[in-house]
1. Residue by residue through B:496-505, how many Cβ atoms from other chains fall within 10 Å of the Cβ on average?
2. Mind giving me the nanometre distance, one decimal, between the label points for B:SER175 and B:GLU195, set 7 Å out from Cα along Cα→Cβ?
3. Which Cα, out of B:GLY509, B:VAL410, B:PRO110, lies furthest along the positive dipole direction of the protein assembly as shown (beta carbon charges, K/R +1, D/E -1)?
4. Calculate the FRET efficiency for A:THR12 and B:ASP119 from the Cβ-Cβ distance with a Förster distance of 22 Å, rounded to the nearest 0.05.
5. Measuring from the lowest to the highest alpha carbon on each principal axis, how far does chain B reach, largest first, in angstroms?
6. Tell me the label-point distance for the pair B:LYS303, B:VAL725, using the 7 Å Cα-to-Cβ offset, in nm and rounded to one decimal.
7. When you look at the Cβ of every residue in B:235-244, what mean number of other chain Cβ atoms sits within 10 Å?
8. Please give the contour-minus-distance gain from B:HIS225 to B:ARG208: 0.36 nm per residue of separation, less the Cα-Cα distance, rounded to one decimal in nm.
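What follows draws every value from the coordinates through simple rules; no lab data is involved. Quick caveat, the model's predicted, so the values are computed rather than measured. As a convention, Cβ positions derive from the backbone with ideal geometry for all residues, glycine included, and neighbour counts pool all protein chains shown.
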Amino acid sequence: MKTLRDVKVGDTVKVVKLHGEGAVKRRIMDMGITKGVEVFVRKLAPLGDPVEVNVRGYELSIRKADAQMIEVE
Amino acid sequence: MEGQIRIALAGNPNSGKTTLFNKLTGANQFVGNWPGVTVEKKEGKLIVDKEVVLTDLPGIYSLSPYTLEEVVARNYLMEEKPDAILNIVDATNLERNLYLTTQLTELGIPVVVALNMMDLVKKAGDHINVKELSRQLGCKIVEISALKGDGVREAAESAIEAAKSGKTIPQHSFSGPVEHALAHIEEVTVHDLPEEKQRWYAIKLFERDEKVVEALKLSAETKAHIEKDIAAAEQEMDDDAESIITNERYVYIGQMLKGIYKKKGTGKLSVSDKIDRIVTNRWLALPIFAVVMFLVYALSMGKSIADGGISIGTWLTDLTNDVLGGAWLQDGSRAILESWGAAPWLVGLISDGILAGVGAVLGFVPQMLVLFLMLCLLEDCGYMARIAFIMDRIFRRFGLSGKSFIPMLVGTGCGIPGVMASRTIENERDRRMTIMTTTFMPCGAKMPIIGLIAGALFGGSTWIAVSAYFIGVAAIVLSGIMLKKTKIFAGDPAPFVMELPAYHLPAWGNVLRGTWERGWSFIKRAGTVIVVSSIVIWFLTSFGVVNGHFGMVESLYEDEEIVTNEYVAAVADRMDIPEEEVEPMDDSILARVAQPVSVVFRPLGFGDWKPTAATVTGLVAKEEVVANFGIMYAYDDNDGEEELEENGDQIWDRVAEDFNAFSNGHGKLAAFTFMIFNLLCAPCFAAIGAIKREMNSRKWTWFAIAYQCGFAWVAAFIVWQIGRVFTGGMSIVGLILALLMLGFVLWMLFRPYKESQKLTVQ
């Protein structure tokens, strides 16, 4: 399973499914990362975590541990 | 209030909500907190119609039950039932902003959308068919520019109109299986509620929203019944109910916008993107961050301009302290009162008690205003979110937020603004943890204590100061790791999914208003606390019983009939000092109380009345500790000697001798544990006032103070008991206890724990 965590900086991917449950999953989805949406991985924070992604036209910061819950193509 | 129209202002963070609120209400604002939580609540009367009250809800992305802000907003909307919702939507970020709109329109409350930043959309060459969007959403849309004030009046008038008409609007629909389940749920659970509320409750029940399930008090039978419907829909859609709803909202928005939102799609980098490429660049981010932090610190609390630094804040504060605090308030009031022939105790109370306290508070204000101004600027321009982005990796290990860096840094100057700077942290858990640990950083006022200890017993070694910072940082790190595993902190989830808003030029109105709000809240809260506590401490040090007579010790000592030679000899004996060193203060309530209280500090190595009294007066202001040592070690600057140095230079010998005497030769160790305790224990009253203000809860304030004192005591205990293994003269019982405590701390540090997924806040 490929997750958002594995995506290289500069790549755009499509979200297939969200794993996990509860608050974190809901929060990720509330912010617009849902099935079928395109996510562009813009950069890594200077200390290697979190990642900055562009989704639905805005910038979002997400921890690698949480990005692992997002399955992508 | 009866007959009054109430409108709620709702919207995403960074959508221009604060700007709009300020434009709509002007100066008619009331700032407070939502009951029992640390979330700020603002209300104001509309400029266009003073009869209308506008409530500014916290900035939210959704109405989920998982974040404190969302719960606060939800409860307000459901329980207080405002007459209308004014929903501000950022047109440059339409999809995610409309996601909240789809939830607001389900509540059965009329909604008016204020479409903000349309000018930027047009400038980018994009096009939004506002008419069609309004038709599809089923609510009125007013195009506005909150920053320029365009359309703001019209938005307010539309909201009032909507509130008066009281009509609710049509709602969008979900896919077949979901609608099927919703219809069923509505039928069996909520058909006796008002019609316009039914859909919201049905959707929440479908999502298995625990707070709503609880509020409706459904029977077990009904729950089981609707559970079947939900499960059927989940089976069909292959996802959990909550995710189905979230997903479908975005799908609905995506489809709706297809014909409405035309993007030019040049793919060019915006100015904000270009800035961000540099500011959060892999290599440049940390140096830039360091420079920004240095400027924040240096400008507000660093070296004063008068001393060749760049700090406007320190310069103004020095000026206020010298002129306003010292000369005008204290000396001035004393002169006036004495000329009126006021009783000495009254002069003392007003000049040395109350006004000295007020002066101490006012003195901080300029520094704080400069600091808050810069924090507001950082927040408003969008850099604050980047700080969290850059520092998150380090701080989240200790249960803190990346934004906790600022309170900690500011805390090295003064703990009060440090505590108040925690307000920028979104997550309540992180914020509380930051408030509790910020004052562990050695603040400016603790420096003289370090100077005294280093000078008196360690030959002025700089390692003592270095160790003080090390102890402060270690206390924060250890506390963070231990506390985040405790029940009260592990309760709340900390999803770190954060928007990085586009950079923009600060809106000066917002910045200045924010600065003033924080400054004023400091003056009010910290002011009352410090005034009351200054009076108490003044009373404790000025009054006492001298040879059976109660009164001001200074005046009683002037009476030779009371202070007889035998009496002086008795005091000297009690205090274990030569007769010529007997001072009025030796008979103060503080000195009397310090004697028995010092038992508490005996296991820490400094169980003598002098360090005890100094520690207690340190609560007024940490600078007082050294000043008090001066008094207790009989340094009299009226005796033709020069004034006592800040670090107590002149009394080093006496301090060293005394520490060595009462600790049986372990003077260095005892002095070190004294320093540890004073660095880590409860901060001064003004900082406690700030903690109370930010915690917005008595319970949490007491918990914070008790934790700090407990942590300080345990740390000093462990150092004293284990330290004596090396210096000789250890106590077996003490050592065993110290090792047990150390073991407990280590267990707390390394025991595994799992982050909870549930929000405990009601």
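1. Values: counts 9, 14, 9, 6, 8, 2, 2, 0, 0, 0.
Average neighbour count from other chains, rounded to a whole number: 5.
2. In this crude spin-label approximation the distance works out to 3.0 nm.
3. Highest projection toward the positive end goes to B:PRO110.
4. Working: r = 29 Å, r/R0 = 1.32.
Calculated transfer efficiency: 0.15.
5. Answer, in whole Å and largest first: 97, 61, 55 Å.
6. 4.4 nm
7. For this peptide, the per-residue mean of nearby foreign Cβ atoms is 2.
8. Working: separation 17, 0.36 × 17 = 6.12 nm, distance 1.30 nm.
Once the chain is fully extended between B:HIS225 and B:ARG208, it gains 4.8 nm.
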